[in-house]
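The values are calculated or read from the model by the stated rules, or taken from the named source; none is laboratory data. Just so we're clear, the structure is a prediction, and the values are computed from it rather than from any experiment. We place every Cβ from the backbone using ideal geometry, glycine too, and count neighbours over all the protein chains shown.
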Amino acid sequence: MVNSVAAPQARGKFAEDNIFGANNRANALAKEIGIDRVINGTVGSILDEDGNLVMLDVVRDAFHALTDNEIISYAPIQGYPEYLDAVIDQCFGESRPDGFLRACATSGGSGALHHVIHNYSEIGDEILTSDWHWGAYGSMCLDNGRKLREFALLDSEGSFNFADFKAHVTAMMAKQLNTVIIMNSPANNPTGFALSIEEWRQVIDFLKNAVTGTEKNVILVPDVAYLDYSGEKQECRKFFKEFSGLPANFLVIVAYTLSKGFTMYGQRMGAMIAVTADEDVADEFVAINQYSNRATWSNSNSSAMKAMVRICSDPQKVAALDRERAAYFQLIKERADLFMAEADACGLKYLPYLSGFFITIPMTGSQAVCDLLEKEHIFLVPLGKGIRLAVCSVSKKKIKGLAAKIKKAVDAA
Ligand code: PLP
């Protein structure tokens with residue numbers, strides 16, 4: 001029996017660590033036998049072809065130009081106004097939805113997700129997301145006394161499973177006042193799947209009809225953490241336009257982050273952005289989420305906001321940022337294309353990948369396969385229903401031949 005002084009609701013919690021655990025083992029082995037002999041496909045950050053963590057040049061320059069005041073000042077609780085404008089601008093690009101748009105600074109995309117769960121669902125409620133999702137969603141729900149509910153993301157053809165989505169939403173709306181839906185698209189973690197514009201339209205139309213004339217509310221949360229590496233800048237943002245003209249009881253809150261798009265992972269800077277046709281709902285959004293900032297981490301990171309603003313207030317810097325991102329998007333695409341071509345050649349199945357940091361190989365018994373691969377110095381992340389490979393962080397040289405090695409381990413396990 002382990003002694004505990006934690007309050008009953010906190011007992012037994014621990015940070016689920018199969019990603020950082022595998023990463024630590026990979027790094028320890030690389031130290032011992034050399035980095036060239038280890039494949040570490042666990043890291044959810046962009047590494048270059050030499051295995052170095054990438055910091056975008058334009059972002060480095062912006063940080064180095066910061067004044068002392070910009071670095072150390074307390075920022076306003078909601079975030080600097082110029083940061084909030086820049087966030088809305090950068091997120092939506094040319095596809096700004098019509099309606100009231102409001103932003104609130106948060107601690108990364110995680111902070112945005114936390115506040116949505118905390119402020120838009122009740123204790124005991126279910127929160128809906130797809131079966132293929134980022135593991136932290138579940139912890140965020142449990143830590144807040146909510147429960148994550150899953151719909152099947154894909155149908156048997158590998159397309160968006162609208163029928164299952166609809167069935168889950170209908171069941172939840174029948175029993176809860178608010179239905180919060182987290183939709184991680186484009187570049188879904190862990191699959192690389194994205195809803196097409198038509199599929200987004202289908203989702204929005206259904207939700208609009210479902211809430212109209214009822215006392216119920218729907219809060220749709222597009223988690224766009226990987227947006228900036230999901231295709232041509234304006235093309236991959238077009239779905240945002242679909243959020244125009246919603247009924248007052250249908251609120252969209254975009255979970256936005258600087259972690260990937262600005263390579264500021266550890267700076268912990270993001271934003272939640274509301275899209276609503278109702279001004280009261282917009283004002284309430286600012287009030288309650290600013291309150292939650294104050295009540296949790298208080299002010300956000302001044303340096304990160306100011307560095308972002310330095311870039312976004314200068315069209316030349318934005319153009320440089322776009323060029324750098326486009327080059328890394330291309331690099332990740334080449335790695336993914338190589339992996340998928342080799343997987344096709346050796347008969348290894350993977351989930352429909354369109355863009356993003358990860359590819360998933362579906363299977364049962366993923367832990368046993370990962371254990372076998374680790375013996376070959378290959379470190380991947382075992383998930384409940386598959387294995388996740390981070391194409392953002394494995395060089396083309398190391399991707400070459402990887403699919404066949406995974407296939408061999410799958411057959412042997
Ligand atoms: N959403 C998804 C799907 C992610 O994978 C991540 C990070 O890995 C985030 C959101 C948020 O990350 P952060 O809190 O670092 O901005």
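Screening LYS233 with (1) in a loop (DSSP other than H, G, I, E, B); (2) in contact (Cβ under 8 Å) with a residue 40 or more places away in the chain; (3) more than 16 Å from the ligand (Cβ to nearest atom); (4) more than 22 Å from ILE88 (Cβ to Cβ) gives one miss only, at (4).
Cβ-Cβ distances below 9 Å connect the following pairs, each with a first residue in region 269-290 that is closer than 10 Å to HIS115 by Cβ, a second residue that is hydroxyl-bearing (Ser, Thr, Tyr) and surrounded by fewer than 24 Cβ atoms within 10 Å (Cβ to Cβ), and a separation of six or more residues or different chains: ILE288/TYR120. Being surrounded by 15 or more Cβ atoms within 10 Å (Cβ to Cβ), without any contact (Cβ under 8 Å) to a residue 40 or more places away in the chain and under 16 Å from the mean Cα position of the chain (by Cα) is a condition met by no residue of region 186-193.
Being of a type in the set (A, V, I, L, M, F, W, C), farther than 30 Å from GLY138 by Cβ and in contact with a Leu (Cβ under 8 Å, 6 or more places away or on another chain) is a condition met by no residue of region 17-38. For region 100-147, taking the residues that are small (Gly, Ala, Ser) and within 16 Å of ILE288 (Cα to Cα), the one that is farthest from the ligand (Cβ to nearest atom) is identified as SER121. Within region 144-173, count every residue that is in a helix (DSSP H, G or I) and either modelled with pLDDT under 95 or crowded, with 18+ Cβ neighbours inside 10 Å (or both). Total meeting the criteria: 5. Could you grab me the full set of residues in region 151-186 that are touching an Asp or Glu at 6+ places or on another chain (Cβ under 9 Å) and closer than 22 Å to TYR256 by Cα? Once the filter is applied, which keeps residues that are touching an Asp or Glu at 6+ places or on another chain (Cβ under 9 Å) and closer than 22 Å to TYR256 by Cα, region 151-186 yields LEU153, ASN178, THR179, VAL180, ILE182, MET183, ASN184, SER185. Within region 67-106, the set of residues being polar (S, T, N, Q) and crowded, with 20+ Cβ neighbours inside 10 Å comprises GLN78, GLN90, THR106. Looking across region 252-261, the residues that are within 10 Å of the ligand (Cβ to nearest atom), surrounded by 24 or more Cβ atoms within 10 Å (Cβ to Cβ) and not polar (S, T, N, Q) come down to ALA255, TYR256, LEU258, LYS260. Restricting attention to region 174-185, the residues that are surrounded by 24 or more Cβ atoms within 10 Å (Cβ to Cβ), within 16 Å of the ligand (Cβ to nearest atom) and β-branched (Val, Ile, Thr) total 2. Would you confirm whether any residue within region 316-324 is within 16 Å of the ligand (Cβ to nearest atom) and either part of a helix (DSSP H, G or I) or in contact with a strand residue (DSSP E or B) (Cβ under 9 Å, 6 or more places away or on another chain) (or both)? No, because not a single residue in region 316-324 is within 16 Å of the ligand (Cβ to nearest atom) and either part of a helix (DSSP H, G or I) or in contact with a strand residue (DSSP E or B) (Cβ under 9 Å, 6 or more places away or on another chain) (or both). Residue under question is VAL218, and the condition is that it be buried (at least 20 other Cβ atoms within 10 Å of the Cβ), modelled with pLDDT of 95 or more and closer than 21 Å to GLY111 by Cβ; does it hold? Considered against the rule, which asks whether it is buried (at least 20 other Cβ atoms within 10 Å of the Cβ), modelled with pLDDT of 95 or more and closer than 21 Å to GLY111 by Cβ, VAL218 comes out as no.
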